[in-house]
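What follows is a set of notes on a single structure, which appears directly below.
What follows is calculated from the coordinates using simple rules that are stated; it is not laboratory data. Predicted, not measured: the structure shown is a model, and the values here were computed from it. Glycine also receives a Cβ, built like all others from the backbone with ideal geometry; neighbour counts cover every protein chain displayed.
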């Protein structure tokens, strides 16, 4: 990331939990990096579920033209990514807000810079005066992080804010490069199609035969190889060892359609998520002989020339985990 200067501010609370805030500027970069931690001076352990380096901060005070304001969310595949003309946006990961006033464009990018223990969320709304933005960023985790008495916890969970780069395309490009550098990320080019065993088997989607188990996925790899497709490109097969939820009950707050609920079930039940081991994947019927282990079905898939993919939900855990 290059040379930088860091300011650390500690909000000391005797016999309680103190907060640590770090603000970092990098040489020749237009963004401010922030991270938070805690020092547990209390006599007992505590659990940290969420924290925010800034909340309801006013940005571009009396400079915003709300009629030209546009938001872009930071969805990462779990939902639609779209530009909106709404008055507010709350998004996982990051967001950009951009507008033009008197022919001068301004942009704001906020979100996560690095990820270790917590997911990141960003929010921006139009202020009451209609001429300013109110911005917040937050880290949260449903399980939380246990902080022992006397422990100092300063995770490598950094946040990002850039209100200097006006060009929205350049602003997003800079953000992406900063995240890649901070996370030491070098994504591989995805130059092949993937057959998802869950989508193809679900009546409400593919409507095909049930291949969402290890024997089915190996047979699918065999079918791809016999078709001759691998002469022209690589191909992958994705196993989805996930019951999602196993008890189809519609709850009053559940806005999903009855068909979706019947397919996916209720969040009150146990599932494979959180365990992520061969034992539980076998228990729920997705790992079957003769490919009853991850090693076996992946090796069999590779022997047929396909790439084996597995699927987990990091944001969902079983009630019995």
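Just a few scattered comments:
- Cα gyration tensor shape for the range 146-235, rounded if a/c is under 1.5, else prolate or oblate: prolate
- D (Stokes-Einstein, µm²/s), Kirkwood Cα radius, the range 93-250, 0.692 mPa s at 37 °C: 160
- Which of 283, 226, 120 has the fewest Cβ neighbours within 10 Å, and the rest in rising order: 226, 283, 120
- Nearest-ten-degree value, helix 294-303 long axis tilted from longest Cα axis of the chain: 70
- Full extension of the chain between residue 76 and residue 104 yields a length gain of 7.1 nm, computed as 0.36 nm times the residue separation minus the alpha carbon distance.
- Nearest-ten-degree value, helix 168-182 long axis tilted from longest Cα axis of the chain: 70
- Taken over the chain, the convex hull of the Cα atoms encloses 199 Å³ per residue.
- Stretched out straight at 0.36 nm per residue, the stretch from residue 116 to residue 62 would grow longer than its current Cα-Cα span by 15.8 nm.
- Global geometry of the range 117-182, whether rounded, prolate or oblate, following the gyration tensor of its Cα atoms and the 1.5 cut on a/c: oblate
- Share of pairwise Cα-Cα distances greater than 19 Å in the range 43-129 is 45 percent (whole percent).
- Dividing the summed helix terms, -39500 (n - 2.57) for each DSSP H run of n ≥ 4, by the number of residues in the chain produces a 222 nm estimate of -5000 deg cm²/dmol to the nearest 500.
- A Förster distance of 22 Å, applied to the separation of the beta-carbon atoms of residue 279 and residue 194, puts the FRET efficiency at 0.25.
- If you take the Cα centroid of the range 1-59 and the Cα centroid of the range 119-134, the two points sit 21 Å apart.
- When 13, 106, 304 are arranged by Cβ crowding within 10 Å, least crowded first, meaning fewest neighbours, the order is 13, 304, 106.
- Scaled to the globular estimate 2.2 N^0.38 Å, the Cα spread of the range 4-182, given as radius of gyration, is 1.09.
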